[in-house]
Amino acid sequence: MLVSSWVDAALFGVLGLLVGSFLNVVIYRLPKMLEAEWAANCADLAGTEAPSLAPFNLALPRSRCQKCQHQIRWFENIPIASYLALRGRCAKCSTSISMRYPLVELVTGLFFAALAGLHGLTPAALAWATLACLLLAQFFIDFDTQLLPDDLNYLILWLGLIAALVGWTTVPISSAVWGAVFGYLSLWSVYQVHHQLTGKQGMGHGDFKLLAGLGAWFGAEYLIALILLSSIVGSIIGGTLLLVGRLANRDIPIPFGPFLAGAGMVAMLAGPGRLESLIPFVFPFSHLVR
C-alpha cells in the first residue's frame, strides 16, 4: 500500500471511530424509540391517551450513566481513549461500562480504514462504509432484541440500488434489482415452507428484507455465497457463545439477522468484484455463484 493510501486509511479510520461512537447510540436507542412508537400507536387504536414522556431520540437526552445518571461529558466520550482513561468505569459511580462500546468504535474504525485502503477516499468507499455502519447496527440490535428495524433495512436496500445505479459499486443495476427480489423471496419461501410444516415462525420478516438489501449491494449472482457465508458466520458466533456460556439454555432462539449482517461485512471487504476469490477459501461451492 502506498503512503498516500495509508494516510487515506488512517484519516477514514479516525472518522470511523467517531461514527462508531454514534452507532452505539443508535444500537441502544432505536429499539426503545420503536417500542415507544408502538405503544403510542396501540394507545391511539384503543382510544386512550398515550403517556406524556420526555423527548427520547437519537439526539436527546444527552448520554448518561444508566445507574447514577451522571451526564457524560465530551472528554469522557472520546472513542476508545475515554474508555481506557476511565478504565472501563463511570467517572462518578465507578459502575463498569460494557466492553461493547469501545468494541463497536474499534470495529467501525477498522472497517472504515480497510475500505479506504481498498477504494481510496472516493464515493465508493463512503457508500461501503455506510453499509458497514448499517450492518453493524442491525447485527447488535437483532442480537439484543430480535428486531431488525425497517428504518435500517430500507436504507440498506435503497442505498444499494442507488449505489449500483450511479456506479459506486461494480454491480449492474439489473443484478442489484434481481438480487433484492430473489433475496427477499428466497428466505420468504423458506419461511413459508417451515411455517406450513411446523406451524411455527422460523424467522422474522426483517431477515427477508435484510437479505434483499444485501442482494441489492452484491447482486443476484452472489446470493448463494452470502447465504452460505452467513451459515459459517453463524457457526462461529454460536460456537463462541456456547464456549463462553451465553447459550446455556439451548431453547433460546438465536436470531438470524446477525449472521446475515456478519456475512455482508465479511463479503464487503472482498467486494462484489473480488468475492469469488474469497469463496474458494471458505466454500467448496464457488461454481454455484457463477
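No lab work stands behind these numbers, since they all come straight from the coordinates. Values in this document were obtained by computation on a predicted structure and should not be read as measured data. Glycine also receives a Cβ, built like all others from the backbone with ideal geometry; neighbour counts cover every protein chain displayed.
Laid out as a table, the results:
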{"read-out": "Two-decimal Rg to Rh for the chain - Kirkwood Rh, Cα set", "value": "0.99"}
{"read-out": "Whichever lysines have a C-alpha closer than 22 Å to that of K92, once near sequence neighbours (fewer than 8 apart) are set aside", "value": "K67"}
{"read-out": "Radius 10 Å from Cβ of Q71, net charge of other residues (Lys, Arg +1; Asp, Glu -1)", "value": "+3"}
{"read-out": "The stretch 1-121: translational diffusion in µm²/s, Stokes-Einstein, Kirkwood Rh over Cα pairs, 20 °C, 1.002 mPa s", "value": "129 µm²/s"}
{"read-out": "Residue (of V104, P55, G120) at the positive-pole extreme of the chain, dipole from beta-carbon charges", "value": "V104"}
{"read-out": "The stretch 121-225: C-alpha gyration tensor shape, a/c 1.5 cut-off, then a/b vs b/c", "value": "oblate"}
{"read-out": "Cα-only Debye scattering, the stretch 115-166: base-10 log of I(q)/I(0) at q = 0.16, 0.18, 0.25 Å⁻¹", "value": "-0.51, -0.62, -0.92"}
{"read-out": "Ordering of 32-39, 257-264 by burial proxy (mean other Cβ atoms within 10 Å per residue, highest first)", "value": "257-264, 32-39"}
{"read-out": "Relative exposure of M268, M203, judged by other C-beta atoms within 10 Å (fewest first)", "value": "M203, M268"}
{"read-out": "Computed magnitude of the charge dipole of the chain (debye, nearest 20; Cβ of K, R +1, Cβ of D, E -1)", "value": "820 debye"}
{"read-out": "For the stretch 96-228, size of Cβ-based charge dipole, Lys and Arg +1, Asp and Glu -1, in debye", "value": "120 debye"}
{"read-out": "GNM flexibility winner over the chain from G167, G20, G117 (Cα, springs under 10 Å)", "value": "G167"}
